[in-house]
1. Can you tell me how many residues in the range 92-120 are of a type in the set (Ser, Thr, Tyr) and farther than 23 Å from residue 11 by Cα?
2. Given the range 1-83, what helices (runs of 4 or more DSSP H) lie entirely inside it while holding 2 or more residues that are among the β-branched types (Val, Ile, Thr)?
3. Counting just the residues of the range 32-46 that are surrounded by fewer than 17 Cβ atoms within 10 Å (Cβ to Cβ), in contact with a strand residue (DSSP E or B) (Cβ under 7 Å, 6 or more places away or on another chain) and not hydrophobic (A, V, I, L, M, F, W, C), which one comes out farthest from residue 112 (Cα to Cα)?
4. Do we have residue 66 as modelled with pLDDT of 95 or more and of a type in the set (Lys, Arg) here?
5. Given 57, 73, 47, 100, which one is out of contact with any Leu (no Cβ under 6 Å at 6 or more places or on another chain) and at pLDDT below 90?
6. Tell me, which residue of the range 47-97 that is buried (at least 17 other Cβ atoms within 10 Å of the Cβ) and more than 13 Å from the chain's Cα centre (by Cα) is nearest to residue 120 (Cα to Cα)?
7. Take the range 4-20 and flag every residue that is without any contact (Cβ under 8 Å) to a residue 12 or more places away in the chain and either among the charged types (D, E, K, R) or farther than 14 Å from residue 76 by Cβ (or both).
8. Report yes if some residue within the range 52-63 is touching a strand residue (DSSP E or B) at 6+ places or on another chain (Cβ under 8 Å), of a type in the set (D, E, K, R) and free of Cβ contacts under 8 Å to residues at least 40 places away in the same chain; otherwise report no.
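The values are calculated or read from the model by the stated rules, or taken from the named source; none is laboratory data. Just so you know, these numbers come straight off a predicted model, no measurement behind them. Because the Cβ atoms are built from the backbone with ideal geometry, glycine has one as well, and the counts that use them run over all protein chains shown.
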Amino acid sequence: MKLQADIDKLRTTLLQTTDFSKAWNDFFDIAGKQQFVARSRQARLELLEPLLYEISLALAAGSQTRLEAPLILRYAHTDFYHGPLTCGVNSGTFMYFQKLGAGMAALFDAASGQVNFCRVNLAIVSSPHCFTATPSEIGFEGPSVH
């Protein structure tokens, strides 16, 4: 039960912190626990492409290399997803709380030796007063979310 309490605390930290390294320190404290590793399973995340796109805008802008998540893990039967990121020689990790539509990413920049952080919020809007532009209309080559 302590592990779930730690994840719940991480959820709050992710939403409220202005010091992104705090959220990552909390995440790595959790990720280092054997129970967390044992209960994390490979999963599919429906909003992965838009999530990666938003992360790449923040962390890999100008890069000609595609940002990828080679492995997506879901902790137990929760809404908490996490996994590694790669962008050429740069590597990092992401975490995402599906019910919140919020997550964070960290990407190590091999050229500068710095770790860059970003927080991402995704929302699916369903309203007769809203419309969704096609990806080509906004210059995005990836999938659209409706």
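1. Qualifying residue count, the range 92-120: 1.
2. The qualifying helices (runs of 4 or more DSSP H) are 2-16.
3. 39
4. no
5. 57
6. 60
7. 8, 12, 16, 17, 18, 19
8. No, there is no match, as no residue in the range 52-63 is touching a strand residue (DSSP E or B) at 6+ places or on another chain (Cβ under 8 Å), of a type in the set (D, E, K, R) and free of Cβ contacts under 8 Å to residues at least 40 places away in the same chain.
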